[in-house]
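Accompanying notes for the structure given below.
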Amino acid sequence: MNDVIKEWRESAQYWAKHSATIRTMFAPLTRALIEHAEIQEGQTVLDVAGGPGEPSLTIAEIVGPTGLVTCTDAVAQMVETARAEAERRGIKNVRFQQCLAGDLPFPDNSFDAVVSRLGVMFFPDAVAATREMLRVARPGGRLAFVVWHKSELNPFSYVVTNVMDQHVKSQAADPDAPGAFRFAEPGKLTNVMTEAGAVDVKEAILKFEIAAPISRSEFWSMRSQTSDTLRAKLNQLSGAEQSQIADEVEQAVSEFFPQDQMKFPAQMIVASGKKF
């Protein structure tokens, strides 16, 4: 547990630095969560593992002044970044709370909808965390999660991995340990939701483009900084080899940068259900 939180604490400054790009490139995920959680004006919504403020701040605009969004994250710096961004954008109908997904400090039956964008795969006990999210949802309230589909379907991931593997070999990952592709197998996350007690559980594949107006070098800066795994691997290498890797990554991703702007085909899994 502490290892996961420690990694995210170390990554938080970089997620804050690149938050505008991340908001743009994952906007389709936010729209999918709003659709699958059936979020509407006037609702109260909980965002678990909201990071530096998305999808919370976009959802706040959807629910409007008669609604309320609660943005949570386990890492204090993420919460503070989200709070500062809300103030910068003049968004008033959102509150912030540092807490763990498995120990939410809210009463039973508090929220019309609960969402988590690219968060649930990092929860140490995903069933317990989902059960906790169901506890704070109102009867009939919807849950919606989005997670990465398989790495080989996502060049945003695998192109970098293939380059890095030429320099630093990856250890075989435990498929059930917290990690980006823990729920990449269709049906795995919906099984977690069903075990936790959700009903009307559904799954959809979201095909979209991870797009943002950044160059190849800006892409590598973002990827190499926001990933704890990449930072750890790069820190083992000399400055010369780090520069070589940067050059190789920028070359390898070139086909995904038409007009020198990022555009990766991507696939994610959206899982949703509701509280009985």
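Normalising the average separation of contacting C-alpha pairs (under 8 angstrom, six or more residues apart) by the number of residues puts the relative contact order of the range 1-157 at 23 percent.
When a 1.4 Å probe is rolled over the protein heavy atoms, the share of accessible surface on the range 36-177 that falls to carbon and sulfur comes to 48 percent. Accessible surface comparison of TRP8, TRP220, probe 1.4 Å, protein chains only, largest first: the order is TRP8, TRP220. Filter LYS6/LYS92; LYS202/LYS263; LYS17/LYS92 down to the pairs with a C-alpha to C-alpha distance above 26 Å, please. Cα-Cα > 26 Å for LYS6/LYS92; LYS202/LYS263; rest within.
For a distance above 17 Å, tell me the whole-number percent of Cα pairs in the range 171-276 that qualify. Above the 17 Å cut-off, the range 171-276 has 67 percent of its Cα pairs.
Inter-part distance, the range 52-131 to the range 223-276, computed on C-alpha centroids, equals 25 Å.
Put simply, the C-alpha atoms of the range 39-121 give a gyration tensor, and the ellipsoid matching it has half-axes of 17, 16, 10 Å, longest first. Straight-line cross-link partners of LYS150 among the aspartates and glutamates, defined as a Cα under 18 Å from its Cα and at least 8 positions apart when in the same chain: ASP165, ASP174, ASP176, GLU185, GLU203, GLU209. Each Lys and Arg adds +1 at its Cβ and each Asp and Glu adds -1 at its Cβ; summed about the Cα centre, the chain shows a dipole of about 480 debye. Answer rounded, prolate or oblate for the range 130-219, using the Cα gyration tensor with square roots of eigenvalues a ≥ b ≥ c: rounded when a/c is under 1.5, else prolate when a/b is larger than b/c, else oblate. It is prolate, given that a/c is not under 1.5 and a/b is the larger ratio. Its alpha carbons give the chain an Rg and a Dmax of 18.4, 57 Å.
Over all orientations, the range 19-75 has a Cα convex hull whose mean projected area works out to 3.6 square nanometres. Counting only protein heavy atoms and a 1.4 Å probe, the chain has 45 square angstrom of accessible area per residue. Take the Cβ-Cβ distance between GLN40 and SER238 as r, set R0 to 51 Å, and report the resulting FRET efficiency rounded to the nearest 0.05. Working from the Cβ atoms, E equals 0.40.
Candidates GLY67, PHE276, MET164 compared by Cα position along the dipole of the chain: farthest toward the positive end lies GLY67, with charges placed on Cβ. Measuring how big the range 31-170 is from its alpha-carbon positions, Rg and Dmax come out at 16.3, 53 Å.
The values are calculated or read from the model by the stated rules, or taken from the named source; none is laboratory data. Keep in mind the model is a prediction, meaning the values are calculated, not measured. When we count neighbours, we look across all protein chains shown, and the Cβ atoms used for this are built from the backbone with ideal geometry, even at glycine. Each accessible area value is taken on the protein alone, full model and side chains, heavy atoms only, with ligands, DNA and RNA left out. Shrake-Rupley method; radii C 1.70, N 1.55, O 1.52, S 1.80 Å.
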